[in-house]
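Bear in mind these aren't lab numbers, they're just calculated from the coordinates by the rules spelled out. What you are looking at is a predicted structure, and each value in this text was computed from that prediction instead of being measured. Cβ atoms come from the backbone with ideal geometry, glycine included; neighbour counts cover every protein chain shown.
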Amino acid sequence: MWNQRESPSRLEKRFEFEAYSTISKFMKKVEQLCEKYKMYPNISFGKNFVSITIFLSSEKVTKIEKDFSNQIDIFYLEI
């Protein structure tokens, strides 16, 4: 589940991984998704996690932002 935050409006989620090599596969899919949607979230990662922050274009989550975040969830489940 993505956490919705205020000031500034954003969605945040942390993804956990067992192996660092899996992170690069996940990040490649996220990169392709960013190009497709022309959305570029803040991404940070470490040895076993990736944190993604999507800054919202308004106070409410738009359909595009919801679709984008749902696609990231699907990529995570496929890895």
TODO: Take every Cα-Cα pair in the chain and report what % of them are more than 21 Å apart.
DONE: 23
TODO: Could you name the aspartates and glutamates whose alpha carbon sits less than 14 Å from that of residue 38, not counting residues in the same chain fewer than 8 places away?
DONE: 65, 67
TODO: Using only Cα atoms, find the angle between the long axis of helix 20-37 and the longest principal axis of the chain, and express it within 0 to 90 degrees, rounded to the nearest 10.
DONE: 30
Open item on the list: Suppose we flag GluC sites (Glu not before Pro) only when DSSP calls them loop and at most 16 other Cβ atoms lie within 10 Å. Which is the longest uninterrupted stretch of the chain?
Closed with: 19-58
Task: Sequence-separation-based contact order of the chain, relative, with Cα cut under 8 Å and 6+ spacing, percent - done: 36
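Send over the semi-axes of segment 1-46's equivalent ellipsoid, whole angstrom and largest first, taken as the square roots of 5 times the C-alpha gyration tensor eigenvalues. Mind dumping the intermediate values first?
Values: eigenvalues 86, 49, 12 Å².
Whole-Å semi-axes of the equivalent ellipsoid: 21, 16, 8.
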